[in-house]
Amino acid sequence: MQLVFASANAHKIKEINALLPIGYTLFGLTDVGINYEIPEPGATIRENSFLKANHVLKTLKQQEKGNLTVFADDSGLEVETLHGAPGVYSARYAGTPKDDGNNNKKLLRELRHATNRKARFVTCIALLMNEQVHYFEGEVTGTIAFEERGTAGFGYDPLFIPTGYRSTFAELGAEVKNAISHRARAVKLLTDFLGSE
């Protein structure tokens, strides 16, 4: 089955490709000729996932590329003591252009006096298929480290310690992250649904 993933983020594409069962072919935005960043004006992670997927589907229809199955994900880190921030603004927490390093530095600054470092990662996938939208959500709880640790992964991975572990996602590496992450859980729900259709 061919799926178009509404992202140009090479890290996300690689991560989702590793999560898909045999029999799926994943295309990113550049694979289907969309070479620009899709706006994310939504007020929620769910809304942004839909807006991205819908934008790509409309663009592909205009280009007469057939009735492709399109999905998008939006993810965010929600820190309890920051009242859910950075949340929907996770990718641009430190401003534009997006910069993982600056986002991590800002988060550490915001938490420099915090004793409560509880957080959760959330992902919402919007799947547009046969003129219908389906949502799949995943989350993982954890805490924020006091400094960046590890070199694997991307985004807030060097700071996020999932519940039950002492290492950050960036220290644990792709194999462990892909077994327990918010995105892995959402993709599992997605592929279970596609397999049942």
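With all pairs of different alpha carbon atoms counted, what Kirkwood hydrodynamic radius in Å does the stretch 1-95 show? Can you show the working numbers first?
Details: mean 1/r = 0.0698 Å⁻¹.
Kirkwood hydrodynamic radius for the stretch 1-95: 14.3 Å.
Say R0 is 25 Å: what FRET efficiency, to the nearest 0.05, do ARG149 and GLU37 get from their beta-carbon distance? Display every interim value, and only then the final one.
Numbers: r = 29 Å, r/R0 = 1.17.
Efficiency, rounded to the nearest 0.05: 0.30.
When only alpha-carbon atoms are used, what values of Rg and Dmax, in angstrom, describe the stretch 133-195?
When restricted to Cα atoms, the stretch 133-195 yields Rg and Dmax of 12.8, 41 Å.
If you take the beta carbon distance between LEU108 and GLN63 as r and set R0 to 45 Å, what does 1/(1 + (r/R0)^6) give as a FRET efficiency, to the nearest 0.05?
Working: r = 43 Å, r/R0 = 0.96.
Approximately 0.55, to the nearest 0.05.
Order of LEU82, LEU29 from fewest to most other C-beta atoms within 10 Å? Could you put the intermediate results ahead of the total?
Details: LEU82 17, LEU29 22.
The fewest-first ordering by Cβ neighbours comes to LEU82, LEU29.
Could you work out how far apart the two model spin labels at ASN178 and ALA10 are, taking each label as a point 7 Å from the Cα in the direction of the beta carbon, and quote it in nm?
Taking the simple label geometry, ASN178 and ALA10 are separated by 1.7 nm.
Would you mind getting the Kirkwood hydrodynamic radius of the stretch 2-196 from its Cα pairs, rounded to one decimal in Å? Write down the numbers at each step before the final one.
Details: mean 1/r = 0.0583 Å⁻¹.
After inverting the pairwise mean of 1/r, the radius is 17.1 Å.
At a 10 Å Cβ-Cβ cut-off, how would you order GLU147, GLU64, fewest neighbours first? Don't jump to the answer; show the numbers that get you there.
Working: GLU147 9, GLU64 6.
Fewest to most other Cβ atoms nearby, the residues stand as GLU64, GLU147.
Readers should treat all values here as calculations from the given coordinates under stated rules, not as data from a laboratory. Predicted model only: the values in this text are computed from it and were never measured. Using ideal geometry, Cβ is built from the backbone for each residue, glycine included, and neighbour counts are taken over all protein chains shown.
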